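**Student:** I have a structure here, written as structure tokens, and I will follow up with some questions on it.
The values are calculated or read from the model by the stated rules, or taken from the named source; none is laboratory data. Computed from a predicted structure; not experimentally measured. Cβ sites come from the backbone with ideal geometry, for glycine too, and all protein chains shown count toward neighbours.
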Amino acid sequence: MSARNILKSVLLLLAGAALLTYAAVEARAYLAGITITVRTPESGTTVHQPLISVAGEIANAAFITLNGRELLTDEHGQFKERLLVSPGYNLFTIAAEDKFGRMKERKIEIIYRP
């Protein structure tokens, strides 16, 4: 084999390795799916103040809402929102959609007793 053919082979192998690496990174995000972790409040909690803080982390999501309103996260996927609750039973829904169109929801149930 000539040096030129060896160089072509090495370049083709490097291009193939780069393509496989890119495919693996994209597949990892697709296979992992969306994760929604709510740190506070715990679902089913009874609160005695009308203002609560909802905080947690979301990974692998492109668009996130809290009760239909867009929810913004920081560069680490963490969010924190303050919400006003009504007396009695309250239900909050965090919905996320990834870049592949898949959706996931997490519901938080809160009871407010003034």
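**Student:** Across segment 11-47, what is the total count of residues that are at pLDDT 85 or above and part of a helix (DSSP H, G or I)?
**Tutor:** Within segment 11-47, the first condition is being at pLDDT 85 or above, and the residues that meet it are 11-22, 33-47.
Next, from what is left, pick out any that are part of a helix (DSSP H, G or I): 11-22.
Adding up the residues that qualify gives 12.
**Student:** Between a residue in segment 92-107 that is part of a strand (DSSP E or B) and any residue that is charged (D, E, K, R), which pairs come within a Cβ distance under 6 Å, given they are 6 or more apart or on different chains?
**Tutor:** Pairs found: Thr93/Glu105; Thr93/Lys107; Ile94/Arg106; Ala95/Glu105; Ala96/Lys104; Met103/Glu97.
**Student:** So which residues in segment 82-91 are part of a strand (DSSP E or B) and among the small types (Gly, Ala, Ser), if there are any at all? Working first, answer last.
**Tutor:** Our first condition is that a residue be part of a strand (DSSP E or B); within segment 82-91, this holds for 82-84, 88-91.
The answer is Gly88, and nothing else.
**Student:** For segment 48-81, name all the residues that are more than 26 Å from Ile111 (Cα to Cα), of a type outside the set (Gly, Ala, Ser) and assigned to a strand (DSSP E or B).
**Tutor:** Of everything in segment 48-81, just one residue is more than 26 Å from Ile111 (Cα to Cα), of a type outside the set (Gly, Ala, Ser) and assigned to a strand (DSSP E or B), namely Phe63.
**Student:** Out of all the residues in segment 13-67, which are acidic (Asp, Glu) and assigned by TED's automatic domain parsing to the domain that holds Gly77? Even if it seems obvious, please write down each step before you answer.
**Tutor:** So in segment 13-67, the residues acidic (Asp, Glu) come out as 26, 42, 57.
Scanning segment 13-67 gives Glu42, Glu57.
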